[in-house]
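Notes follow the structure.
The values are calculated or read from the model by the stated rules, or taken from the named source; none is laboratory data. Quick caveat, the model's predicted, so the values are computed rather than measured. Quick reminder, even Gly has a Cβ in these numbers, built from the backbone with ideal geometry, and neighbours come from all protein chains shown.
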Amino acid sequence: MVSSIHLIGVLLTVALLLAVSWLSGRKVKDARSFTVGGNSGSWMVCGALLGTLAGGQSTIGTAQLAFSYGVSAWWFTIGAGLGSLLLGLAYAGPLRRSGCTTLLEVVSREYGHKAETVGSLLFLIGIFISIVSQVLSSSAMITSLIGIDMLWASLASAALIMLLVLFGGIRSAGASGIVKLILLYVCSMVAGVIVWRVAGGLTGLSDGIQRVYHDSAALAQFNGLTDAESIHQRYSSPFARGFFKDMGGCLSLVLGVVSTQTYAQCIWSATDTPKARRGAVLCSLFMPLIGAACTMVGLYMRGHYITTAELSQLQQAGEAIPAGLGVIKGSALAFPTFVLEHMPSWLGGLMLGTMLINILGCGSGLALGASTILVRDVYGNFKRRMGMTASPLSQLAQTRLSIVAILAMAFASAIAFKGSFINDLGFLSLGLRAVAILFPLSFALWLPGRFSPRRVLLSMPLGVAAMLLANATSIPGDAVYYGLAVSLLVIITGHRVRR
């Protein structure tokens, strides 16, 4: 039940973080400072990375997946942490030495403007899917808080994301990211401690889940969990959805972080390379801990709640709700419901406000990355082909207008995707980004002059097509394996290495 104390805590937290973003944004004078900043320290880099990584997918999405598949949900934040570590240790130096401001600009210098344009369009699809997942996450939060319809909640989410980034850019993301880092980490750890104490540790969490399915034959049948072994396999195994499926999801996170414009902008925003590296390493330490707390919340909620869809199955089977169980509208509401009903009101309000603004901040960082690619890579190449030397709008104005357009489309798409697993959209999004440009980017940085631009150009759409085809079929393993394999094979086979 939402109390006035909850709402006051949410409003104060949101107001604080919006104020930090606005004050940081006052220093923005041009497009470059808006997109890459240039004087961020290690903690600012960490804050910007965490503010875009630890969004709705890492918190609400992880708890949602844990509600349905147990501890295997942790792979999302483990993969994000490993990706941040790889970005800092292996890619920070080469990216900063390149002198570029977008990943596709790095690809363009080596393989030409056609590769940049094709990569940009494919890359935008991946980022856009992730923005949609952030809108879905924040909509779940807003629905839990004020009970409005999904349509209006999605509209409010898109509007708030727009306001958060529109006037601050990367400086806004970094400054507010430090505040979010502190609040989110403290709140997540408190939630984990509460679950541990109330449930009685991992044994208590497991016993609660076993009891739910044992007390209701219809519920066990509905979820395909008819004996103790199948329940244990689903909720206690790190590979509940299959080894290759869960490892593929983790791999999508690791490589997707390296291949995403938003996270590269955090690296470029640092004062120097050592600070960029330290910021990325710090982020890699925080991410798995936040994911562990959110996974525990999802497990606890599975042992104490059923969804409205499961309730309908019970009613059709003529069964009553097992004693002591509550009902939530959907698994995406597991984390918000836990905060509202199992934490002190003042702390719950602080946590809900932190989570809401963190999800919005993640969406704003992704929107900033997408708009940078759209303006600098797609529109920039179009102007060059048309022989245009000037534009009626400044680059800063173009970036801000593109953000508005991107979030308008994200709002419409969120309505179409409602009911999906938030983290599955995240895995797909990051996998697409990795398949599209990981190998072209890596070869451009470390093996310049070795591969045919034509083969690199072909590898992008063919790799993405292979991944989407695998995702749409029942082919074994995760779709990202097939996309990466096709992309790499197209580049390195059927041609002679250039001198």
Among helices (runs of 4 or more DSSP H) completely within region 266-380, the ones holding 2 or more residues that are among the small types (Gly, Ala, Ser) are 273-302, 308-316, 345-372
Residues that are aliphatic (A, V, I, L, M), more than 18 Å from the chain's Cα centre (by Cα) and surrounded by 24 or more Cβ atoms within 10 Å (Cβ to Cβ): find the helices (runs of 4 or more DSSP H) completely inside region 58-135 holding 3 or more of those. 103-111
Please go through region 219-238 and give me each residue that is surrounded by 15 or more Cβ atoms within 10 Å (Cβ to Cβ) and outside any loop (DSSP other than H, G, I, E, B), ordered by number. Leu219, Ala220, Phe222, Ile231, His232, Arg234, Tyr235, Ser236
Criterion violated by Ser259 - all others in (1) buried (at least 23 other Cβ atoms within 10 Å of the Cβ); (2) among the polar types (S, T, N, Q); (3) over 16 Å from Leu432 (Cβ atoms) satisfied: (3)
I'd like to verify a number: residues in region 324-361 that are of a type in the set (Gly, Ala, Ser), over 16 Å from Val195 (Cβ atoms) and modelled with pLDDT of 80 or more, how many? 7
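Quick check on Arg450: is it surrounded by fewer than 22 Cβ atoms within 10 Å (Cβ to Cβ), at pLDDT 90 or above and farther than 13 Å from Ser259 by Cβ?
It is false that Arg450 is surrounded by fewer than 22 Cβ atoms within 10 Å (Cβ to Cβ), at pLDDT 90 or above and farther than 13 Å from Ser259 by Cβ.
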How many of the residues making up region 344-380 are over 20 Å from Ala140 (Cα atoms), among the β-branched types (Val, Ile, Thr) and buried (at least 24 other Cβ atoms within 10 Å of the Cβ)? 3
I'm checking my understanding of the structure. Among residues of region 453-497 that are under 27 Å from the mean Cα position of the chain (by Cα), of a type outside the set (Gly, Ala, Ser) and exposed (fewer than 15 other Cβ atoms within 10 Å of the Cβ), which one is modelled with the highest pLDDT? Leu469
